[in-house]
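What follows draws every value from the coordinates through simple rules; no lab data is involved. Keep in mind the model is a prediction, meaning the values are calculated, not measured. Glycine also receives a Cβ, built like all others from the backbone with ideal geometry; neighbour counts cover every protein chain displayed.
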Ligand code: UD1
């Protein structure tokens, strides 16, 4: 298994190009199932999760061509309506094929994802919404088995705000008969990006970006081209790295308008930040200030940035109180940060981080995607060598992270299985 070897202490200086957003690209790839025409996508990040999604779609009969960051998909000849356990277990977002398959083909069999490292993460809201649209759904042999002649528009209020739940229901509703209203919808920019592609395909969606999305079903959708929005979490991760290690970088191809809560918190931590329409310049020439925060749904502070801002807080001046409100078990990086000398107390959903002047490098193990990113940030700020093991998690969601960091002066290298 690959590892990252980081020698901390270098300040970061230079430019990084931000990749397309993983969490926008995944539902968008699944939306290709909604039409027999070709979908052309640009700015698709080259990530393990994207490869998994293309494999998943491929075994259903979707043809795809992937070169650099462009993907062309054709679901003209779909031969299987099933998402098998082997793929779903490696990537929960596979559940995003459920809505498109059911609404276009009247049938779908998708393995239940089960638990994951950061919590239980059920899909009951996806199911509840599809049932409200008239689907007949059973759980059989670990699969969600869904059937419907044609889905019917419905008024659906999810019990909690769910990102992939909103996306699945929105994709199901575009080909349903009549009007669907999604209340308590997620407002994440990735949902708006998906809605924009669907509208280019002929869907009639309004209100995306707000908590009430109205979808008027159409009989069929056609091909379209779309550029995936920039990854706000990847961008935020690099900004946290500068906050913890110091330096000055410019992020290109960024979407600062989607990063309000992240940029506010980083400014509170002492970073100087300047933005244009698609770039962010940030600099940090002192020790960061402790900055407490609570994770919440967009436009609040994202849970996917919690671990990275915590890493910054481990070397900050003062004590920060962090509350994780979205997932019940998302503090697994804490123990590993502790091995590097961080001082963090956990009580339920609350973490109290008392900054130390410096972390010391250690061998640490990544447990999930964003936890891995926090360990890389800690390693960049630490004194001495840090080895981050099990970085396959990192490869699920960051495109060439070590190359990008090296290009701004970080001392970081990948040890491949053979070399390690
Ligand atoms: C998405 C993101 C993930 C991010 C998360 C929260 C993708 C591919 N993944 O995950 O990176 O961390 O949003 O911003 O976009 N819940 C239920 N029942 C459901 C659905 C959700 O109880 O049917 C709960 C979850 O357990 C969790 C909360 O609702 O506690 C929010 O989860 P949700 O927004 O659905 O997360 P994902 O869409 O899986």
Quick one: 392, 331, fewest Cβ neighbours within 10 Å first, how do they rank?
392, 331
Using a 10 Å cut-off around each Cβ, can you sort 22, 404 from fewest to most neighbouring Cβ atoms?
404, 22
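Need one number: % antiparallel among DSSP beta bridges in the chain, to the nearest 5.
Values: 58 of 83 bridges.
Antiparallel: roughly 70 percent of the beta bridges in the chain.
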So residue 325 and residue 294, fully extended at 0.36 nm per residue minus their Cα-Cα distance, gain in nm 10.5 nm
In the range 126-232, what percentage of the DSSP-assigned beta bridges are antiparallel, given to the nearest 5?
70
Can you work out the FRET efficiency for the pair residue 17 and residue 107, with r the C-beta to C-beta distance and R0 = 45 Å, to the nearest 0.05?
0.60
Final fewest-first order of 275, 240 on the 10 Å Cβ neighbour count is 275, 240
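Compute the length gained on full extension between residue 212 and residue 199: take 0.36 nm times their separation in residues and subtract their Cα-Cα distance, giving the result in nm to one decimal.
Roughly 3.0 nm would be gained on extension.
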For the pair residue 267 and residue 131, how long in nm is the line joining their label points, each one 7 Å along Cα→Cβ?
4.6
Which three numbers, in whole Å and largest first, are the semi-axes of the equivalent ellipsoid of the chain derived from its Cα gyration tensor as √(5λ)?
38, 21, 20
With runs of 4+ DSSP H residues as the only contributors, calculate the mean residue ellipticity of the chain at 222 nm using -39,500 (n - 2.57) per run, divided by the residue total and rounded to the nearest 500.
-9000 deg cm²/dmol
Using a Gaussian network model of the chain whose springs link C-alpha atoms within less than 10 Å, name the residue from 308, 125, 77 with the highest mean-square fluctuation.
77
Share of antiparallel DSSP beta bridges in the range 303-420, in percent to the nearest 5?
70
List, largest first, the extents of the alpha carbons of the range 219-348 along their principal axes, each in whole Å.
56, 35, 22
Of 347, 37, 193, the most mobile residue in a GNM of the chain (C-alpha springs, cutoff 10 Å) is 347
Could you work out the relative contact order of the chain, using alpha carbon pairs under 8 angstrom and six or more residues apart, expressed as a whole percent?
22
Cα centroids of the range 23-81 and the range 229-286: how far apart, whole angstrom?
30
Please compute the alpha carbon radius of gyration of the range 1-136, then divide it by the globular-protein estimate 2.2 N^0.38 Å. Two decimals is fine.
1.22
For the range 273-420, what does the relative contact order come out to in percent, with C-alpha contacts under 8 Å and a separation of six or more?
19
May I ask you to compute the full-extension gain from residue 86 to residue 149, defined as 0.36 nm times their residue separation minus their alpha-carbon distance, rounded to one decimal in nm?
19.8 nm
Quick one: among 333, 393, 66, which has the greatest mean-square fluctuation in a GNM of the chain with alpha-carbon springs under 10 angstrom?
66
